[in-house]
Amino acid sequence: MSLIGFGVDSGGTHTTCAVKYADDAQKTAMMESSSTLADSRSAMSMRRTAEWIISRILDLTQPGDECCVWIGAAAGIMSTSTSAFEQAFEVPLLQLSERNIDCEIFIANDAVSILKSPPLHGQGIVAIVGTGSIVVGAHPTCPDGIIRRSGYEWPVGDHGAGIWMTFESIKMVLEDIQMRGSDAYHSPLLDRLCDYFNIDSELYSSIPDSYSSLARVEALASTLARAGEDSKRRIAGFVHPSLFDLASISSSAGHDPLAARVISGSVRIMRADIAAVSETLAAFTADNPNSRERLPLIVGGSIAANSSYRQQLEAAVSELAYVRPLQIIGDAAQTFADLAMHYLRSNARERKTIAKGFDPLNQILRLQ
Amino acid sequence: MSLFASVVTYSGWAGTLVSVAYIVVQRLEARHEKGQKEQLSRVLAHISTEPVLLGADAESSRTRWPVSTTRNERIRGVLIRAAAGRQPLKQAFRKIQDFECDERELMEAAHALAGSGLLNFEEPLNMTSVLSLKV
């Protein structure tokens with residue numbers, strides 16, 4: 001019999017799973033699936049993801065093993081939204097029961113899960129910059145539960161995130177054309193966007209050159225407006241590596257200052273959200289500004305893991321009064337596996353504390 | 001004489017015995033009291049270090065949140081949230097009407113928190129004054 005901690009990071013576009021064994025000599029495993037539990041995707045996608053997660057548990061455990069699975073999902077987990085998860089896991093969970101595996105499964109919002117995980121243990125700030133974006137923070141002195149900025153799905157919130165960056169790229173190109181004129185206009189960013197979203201240049205061969213740039217931007221806008229179920233993944237996918245390539249001054253594909261402006265715009269938005277959360281939380285710790293706590297900050301998400309973005313964000317956050325130097329984790333599956341192992345090694349009282357939600361909008365759902 | 005001496009001697013012994021018994025009882029009581037105090041201080045220390053609200057019961061929190069803070073802490077919390085959003089004082093007043101705090105008391109609280117370094121606002125303070133956090 002052995003202890004096994006599973007960490008699952010189900011983001012806006014894909015799901016990763018990390019496995020941590022009590023015996024640290026065993027290597028940590030990482031797996032990836034293209035489906036996700038994110039609430040913006042379909043029920044079918046949720047079921048597929050649930051099956052994939054349970055299959056990973058069945059593959060890596062033996063009868064008699066004790067395991068804990070911590071799932072961080074890019075979704076809101078509150079009392080009204082739990083039934084969708086319960087339905088998605090209902091059938092796959094039967095397989096676990098049949099195999100006699102002692103397994104506890106928890107689902108919480110991904111940022112909330114990082115906040116629960118070591119080293120924060122419920123006290124500090126978490127930012128995620130991936131397909132979507134969110135900043136949350138909590139502190140025992142703050143009676144309101146979680147302080148949050150952004151993370152309200154891309155049509156409303158998610159400013160600064162991957163999907164926002166793609167839309168912002170198109171808007172900036174459009175503004176640039178309107179300012180400089182379409183005649184003889186050239187932008188490596190526009191070319192790359194058209195390539196990525198399959199805007200066929202042949203279609204515009206009959207349009208005079210002086211209008212073709214505007215026509216291409218219009219085609220891009222309508223393509224994005226018609227994007228189907230998989231739109232989020234597809235739209236956000238442009239950022240990495242295309243946008244980062246174009247923003248790099250040493251890029252062989254051609255540098256575009258607009259791309260660099262989009263990235264620095266995202267950094268500014270994330271900095272503002274982190275500042276708002278940290279200043280509010282720190283105010284709860286003491287009245288006097290000089291006595292307030294400086295809070296630890298962990299940043300997750302695929303975009304934050306990019307070295308260029310990381311450098312800019314580190315510099316921006318270093319100006320904030322109540323934030324300690326940030327720690328970037330990128331994909332959070334390993335962090336959730338650490339949390340799962342921490343749960344398994346805790347006594348009954350600590351386990352109860354780990355499994356409790358922060359407030360009515362940030363609950364932790366226990367499936368089994 | 002011998003009877004008198006015996007009475008004096010025995011009453012002296014009896015007095016000593018009563019005094020010793022009294023001291024023993026006092027010490028036992030003091031030890032018991034000390035034990036109780038230590039137990040109480042352990043409980044209080046535990047409560048004060050535990051993030052009470054983070055671990056609040058989800059079941060009860062569905063209908064009432066935050067579940068346990070003092071009235072003053074809640075007024076302070078509401079003023080911090082209003083100041084973080086650069087909202088006017090009347091916005092904070094709307095949120096504290098549940099716990100019987102009138103305008104005068106809220107303004108006094110805002111003045112006190114400004115004095116201790118938490119809040120900023122333009123004097124003279126009134127219900128339309130915009131609050132902000134001192135950073």
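We did not get these values from a lab; they are worked out from the coordinates using the rules stated. Everything numeric in this text was worked out from a predicted model, so none of it was measured. So basically every Cβ, Gly included, is an ideal-geometry build from the backbone, and we count neighbours across all protein chains shown.
Data for the structure
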| read-out | value |
| --- | --- |
| Vicinal HN-Hα couplings computed from phi for region A:317-325 (Karplus, 6.51 cos²θ - 1.76 cosθ + 1.60; Hz; Gly/Pro x) | 6, 5, 7, 7, 6, 10, 10, 7, x |
| Alpha-carbon centroids, region A:108-131 and region B:77-119: separation in whole Å | 30 Å |
| Nitroxide proxy distance, nm - points 7 Å out along Cα→Cβ at A:Tyr152 and A:Asn347 | 4.4 nm |
| Per-residue Cβ neighbour rank within 10 angstrom, fewest leading, A:Phe106, A:Phe238 | A:Phe238, A:Phe106 |
| Ranked B:His32, A:His342, criterion: other C-beta atoms within 10 Å, fewest first | B:His32, A:His342 |
| Two-site label geometry, A:Gln178 and A:Arg261: point separation in nm, points 7 Å out along Cα→Cβ | 1.3 nm |
| Exposure proxy ranking, count of Cβ atoms within 10 Å, fewest first, for B:Tyr22, A:Tyr185, A:Tyr196 | B:Tyr22, A:Tyr196, A:Tyr185 |
| Chain A: angle of helix A:209-225 to the longest principal axis, Cα-based, in degrees nearest 10 | 20 degrees |
| Label point distance in nm, B:Ala14-A:Glu202, each placed 7 Å from Cα along Cα→Cβ | 12.6 nm |
| Inter-part distance where region A:306-366 and region A:194-252 are each reduced to a Cα centre, Å | 35 Å |
| Loop-exposed GluC sites (Glu not before Pro) per DSSP, neighbour cap 12 Cβ within 10 angstrom, longest uninterrupted part of chain A | A:1-228 |
| Residues with amide H under 5 Å from that of A:Asn109, placed H, sequence gap 5 or more | A:Ala73, A:Ile77 |
| Value of [θ]222 nm, deg cm²/dmol, for the protein assembly as shown, DSSP H segments ≥ 4, -39500 (n - 2.57) each, nearest 500 | -15500 deg cm²/dmol |
| Tilt relative to chain A, helix A:43-60 - C-alpha long axis, 0 to 90 degrees, to 10 | 50 degrees |
| Amide H within-cut-off set for A:Gln327, under 5 Å, with H built and near neighbours excluded | A:Leu297, A:Ile298, A:Val299 |
| Per-residue HN-Hα couplings for region A:177-193 [Karplus 6.51, -1.76, 1.60; θ = phi - 60°; Hz; x = Gly/Pro] | 5, 5, 7, 9, x, 7, 5, 6, 6, 9, 9, x, 5, 5, 4, 5, 4 |
| Table column - 3J(HN,Hα) (Hz), region B:102-118, Karplus curve with 6.51, -1.76, 1.60, x for Gly and Pro | 8, 4, 4, 5, 5, 5, 4, 4, 5, 4, 4, 6, 5, x, 8, x, 8 |
| Folded to 0 to 90 degrees: helix A:333-345 orientation relative to chain A principal axis, Cα | 10 degrees |
| Placed amide H near A:Ile134: partners under 5 Å, 5+ positions off or other chain | A:Ile128 |
| DSSP beta bridges in chain A [antiparallel fraction, %, rounded to 5] | 50 percent |
